[in-house]
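So the structure is just underneath, and the comments pick up after that.
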Amino acid sequence: MKYILVTGGVISGIGKGVIASSVGTILKSCGLHVTSIKIDPYINIDAGTFSPYEHGEVFVLDDGGEVDLDLGNYERFLDICLTKDNNLTTGKIYQSMPSVENSVVPHITDAIQEWVMRQALIPVDEDGVEPQVCVIELGGTVGDIESMPFIEAFRQFQFKVKRENFCNIHVSLVPQPSSTGEQKTKPTQNSVRELRGLGLSPDLVVCRCSNPLDTSVKEKISMFCHVEPEQVICVHDVSSIYRVPLLLEEQGVVDYFLRRLDLPVERQSRRMLMKWKEMADRYDRLLETCCIALVGKYTKFSDSYASVIKALEHSALAINHKLEIKYIDSTDLEPSTLQEEPVRYHEAWQKLCSAHGVLVPGGFGVRGTEGKIQAIAWARKQKKPFLGVCLGMQLAVVEFSRNVLGWQDANSTEFDPNTSHPVVIDMPEHNPGQMGGTMRLGKRRTLFQTKNSVMRKLYGDTDYLEERHRHRFEVNPVLKKCLEEQGLKFVGQDVGGERMEIVELEDHPFFVGVQYHPEFLSRPIKPSPPYFGLLLASVGRLPHYLQKGCRLSPRAFSGYFCAAHGLPRHGGQVPLCSIWVPGSHLDTYSDRSGSSSPDSEITELKFPSINHD
């Protein structure tokens, strides 16, 4: 087993997650099996109760683990399926220790090393093969007091596994003040000096900067950070994260790893990531734009909706459109804002009205819910494509109940426990009012109830689907008949037939709500069907697409590919490593996928581009 530790310095949020994912990607494209571990030095057991404003979104895994959003990056980049134990926290380490006398050294540090070595061997690919390389990201910055036990653990770890099996990448900032325009190396020098003082010597120094590093700057960093010039890697700002693996490959990172870690692969030619370059170039050449209004309550911090944004980007790329997201704070759409801040109110509504489609993502708490309901009502009445996810679906049912069924006080018991029309209720198996450990989490199966469903067609006309959930409230099943009589159809339910999972509105171009979070399983080469449908409807191509039998649907193609190659279908899906369609609109070689590498041309099937319809 080879271990690659990624640390960061100077500032947090410097891009360690993308660097770690990109390193894993270029190694996986060499034919290696790669896994990832994210270490978060906080005391919490998981990320379930974190504020989206502080830490970004909570990413949910198949096993129900609520983890850091970087694990979403790993899954998308590497096309793997991680577990909650791939996210290691200080709280988990303390919880795993027996209730006897313990010391940070050696007990805590030994527990950290054992956890890493144990988890690195867990298969994460569809084929179940044991990984050969483990990329470990240590959250925070070097010098943080919370990180000290982990730094010490890896100081010891490098000698336990031997030098030829351990490598350290240090990501640092090279600022370029506008006043001088000169790239400053002192922050990086200090960061590396501090890391070396703690017992870890970086093998690669990855410099995050706004512009490419000058040769003189590289040489200066090399001199003062005790590395060769070729071990100083520049990752400057680029138009798309699809280009980050290309930057690393161009600077010889692959060759360095092959030598440094004695990896069991032959050296690849520069064509290794050619499909990545083609995808990145096509991304930059897109001319047409699709505008989506994202109506939420955490819109000031885009990481709060990281997976949602990626799912939209995947779908936009699939239909050959640039994506423009209009972030709208749902409170700005409420009548109270008109009285207090009329300018904000009118600006928000102007954004909403100018969008091609409307998306209301998940969330918690009463703040902003009335604004979301206003946006949903507008989308329903104006026949604008709409997608509601989790809370967005629940509020779509609330809006329909109020304005179509005439139940003016219809609400969720989460917001109004005393409402006379509780259209959304807490699930009986969970404890009402308790915030931690009470949600329905992880991958669940949803059964389609009818063949006449837009969502069923988008999923490849399969009988069921499997998506990830994160909620503690559900649509009241008692009211299903009343709602369906007025045209709001519940086309997808759970296996028990009691929980409403997918809702569609009749006589509307695209009005869909899903109780699950489809964004967590979206991939660039396999866009999430609900988001894909929203984008298609927003550019006016959904009807023709459905008439063609969803021939270019990501999941429909999965079914075709399975039938043609004798592969098993999993809820209408095929393992991502088996899908690659050169020449089609799905030839969007994944920035996240190593198993769908450009070297592994599976098939030469040709489909017409959706642009030619």
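Tabulated data for the structure shown
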item	result
Where a residue in region 49-65 is more than 14 Å from TYR516 (Cβ to Cβ) and its partner, wherever it lies, is surrounded by fewer than 17 Cβ atoms within 10 Å (Cβ to Cβ) and among the charged types (D, E, K, R), with Cβ under 9 Å and at least six apart	PRO52/ASP303; TYR53/LYS300; HIS55/ASP303; GLY56/ASP303; GLU57/ASP303; ASP63/ASP85; GLY65/ASP85
Any pair with Cβ under 7 angstrom, 6 or more apart, that starts in region 374-386 at a residue that is farther than 24 Å from ASN411 by Cβ and ends at one that is assigned to a loop (DSSP other than H, G, I, E, B)	LYS383/HIS508; LYS383/PRO509; PRO385/PRO509; PRO385/PHE510
Exclusive hit being in a strand (DSSP E or B) and without any contact (Cβ under 8 Å) to a residue 40 or more places away in the chain, set TYR327, TYR345	TYR327
Test: residue in region 93-101 that is free of Cβ contacts under 8 Å to residues at least 12 places away in the same chain, farther than 24 Å from GLY64 by Cβ, surrounded by fewer than 20 Cβ atoms within 10 Å (Cβ to Cβ) and charged (D, E, K, R)	yes
Residue in region 367-378 that is in a loop (DSSP other than H, G, I, E, B) and at pLDDT below 95 present	yes
Hits in region 189-220 - residues which are closer than 20 Å to THR141 by Cα, of a type in the set (Val, Ile, Thr) and free of Cβ contacts under 8 Å to residues at least 40 places away in the same chain	VAL205
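The values are calculated or read from the model by the stated rules, or taken from the named source; none is laboratory data. Just so it is clear, the model here is predicted, and its values are computed rather than measured. Please note: Cβ atoms are built from the backbone with ideal geometry, for glycine as well, and neighbour counts cover all protein chains shown.
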